[in-house]
Amino acid sequence: MAISVLSNKNGPLISKYIYGQFAEHLGRCIYEGVWVGEDSDIPNDKGIRLDVAEALKAINVPVIRWPGGCFADEYHWKDGVGPREDRKTIVNTHWGGVVENNHFGTHEYFHLLELVGADAYVNGNVGSGTVQEMQEWVEYITFDGQSPMANWRKENGSDKGWDMKFFGVGNESWGCGGNMRPEYYADLYRRYQTYVRNYTDKPVYKIACGPNIDDYNWMEQVMKIAGPFMDGISLHHYALADVWENKRPATGFPEEEWFSLLDSAKKMDELITKHSTIMDKYDPEKRVGLIVDEWGSWLAVEPGTNSGFLYQQNTIRDAMVASLTLNIFHRHADRVRMANIAQMINVLQAMLLTEGEKMIKTPTYHVFDLYKYHQDAELIDTYGEPEEHTDFTVSKKDGTMAISAVNYDVNESKVLTFELSDFNISIVKGRILTGKEMDSHNSFESPEEVKVIEFNNYTTENNKISLTLPPMSVATVLLEG
């Protein structure tokens, strides 16, 4: 049965921030992944890897969340500014017990954003930090007038303040961020956010710590007590191939774990639906955004690596996770305003993997490349059920319609036919990503084993287009009418 595309019936805008990234001081995400230092033989701009920055810019990364994660609630920002030789050395107690020299701090983060063309999402320290510390960080970052923090920033080399679009007040306060009860955190949030002041005419978008997975009581209490004081509230959910305590391998897995991981990823739809229902109770106008600022596959670390570094291989199965999850976010675009996949480089479901001077793009990176056309596009309503083991998004922007579709069957090709009303197809351009095996992936020895190629396995007739998708594939076609 053809899927009817109601091209004259537009849904909500798919926020570009759904394609956000997350960079925590964890494993080799920041150090080696982003930061190599100005004296490195690896090409860099003021210490930031150029190959990484250029790759991220190419997929239109809109926002980068930093410095955590669990690390955020033990990070004291003043340790990471000023002359690098004078910065404090710390132990990263959350992630591997490694020693960090704080060479990547506030100034370096904003330089990364400048190179990538992304907006800032800074996560503040509620767990072990003070209200004053948070207030002074916001002042240091954004204020252009005369004040102790603004003057200190100028002494450290930045005359003008930076734009800080998003600010998170604590992270996982129900766990690593303080093991708090929701009522206690909600009161703390009300207090701390008061001092996240707007020093410019661009208001800071304040994000409260929301629930872990299906903790609906947390969402209920925080929305009830602190809802009027927030712009967004977070949600965390990771896809697992088995139970939380039994992380499964990223490669060499059986077919049952292909589907168990994807089933876990698809639970995102249920979580957003149920949490949104609670939010609607206290915010029927949908003023508060749901911010899914940690999501993605969480699998076993690669053999021989530090278990606290969370370094895992990234396969065509992870590409399926990315496609299915982005489609879910699109369908809930009226409430989901931002999402941040975990994590950007060398950690969990990464965009990029690095090893010394080498860098490879993962299958997940390629999905973000295929899907970038949906950023800030209007979701188009559709009618009809797709084939089993398939999913899709249809959107329109500037007169161009984008259809992204996934076939996550491991054996069979699938045909998806879209019937477009009031849209005469004149030009079609397609690209596709697919894998030969369930664990097809890129390595430093074979960096293009899984890559995007031209897609032309489609037919058009009048106002219909039929896509034939091979097993384990993601494709995007662009239609101009």
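Derivation of every value follows stated rules applied to the coordinates shown; laboratory data play no part. Just so it is clear, the model here is predicted, and its values are computed rather than measured. Glycine gets a Cβ as well: all are built from the backbone with ideal geometry, and neighbour counts include every protein chain shown.
Taking amide H atoms as placed 1.01 Å from N in the peptide plane, the amide H of LYS46 has no partner under 5 Å among residues 5 or more positions away or on other chains. Between VAL34 and any residue 5 or more places off or on another chain, the built amide H atoms are never under 5 Å apart.
Principal axis extents of the Cα atoms in the range 120-264, from largest to smallest and rounded to whole angstrom, are 61, 36, 26. Farthest toward the positive end of the dipole of the chain, out of SER323, TYR205, ALA300, is the Cα of TYR205, where the dipole comes from beta carbon charges about the Cα centre. Only one of the listed values, (1) 21.3, 76; (2) 22.2, 68; (3) 29.3, 103, was derived from the coordinates as Rg and Dmax of the Cα atoms in Å; which label is it? Recomputing Rg and Dmax of the Cα atoms in Å here gives the entry labelled (2). For the chain, the longest principal axis of the C-alpha atoms and the axis of helix 106-116 are separated by about 20°. Partnerless cysteines in the chain, where a partner means another cysteine C-beta under 4.7 angstrom, comprise CYS29, CYS209.
Around the Cα centre of the range 220-277, unit charges on the Cβ atoms of Lys, Arg, Asp and Glu (plus for the first two, minus for the last two) sum to a dipole of about 240 debye. Against the chain, whose longest principal axis is taken from its Cα atoms, helix 131-142 shows a tilt of about 70°. Applying the Karplus relation 6.51 cos²θ - 1.76 cosθ + 1.60 with θ = phi - 60° to the range 216-231 yields 3J(HN,Hα) values of 6, 5, 4, 4, 4, 5, 5, 5, 5, 8, 10, x, x, 9, 10, 9 Hz, where x marks Gly and Pro. Electrostatic bookkeeping for GLY69 treats Lys and Arg as +1 and Asp and Glu as -1; over the other residues with beta carbon under 9 Å from its beta carbon, the sum is -3.
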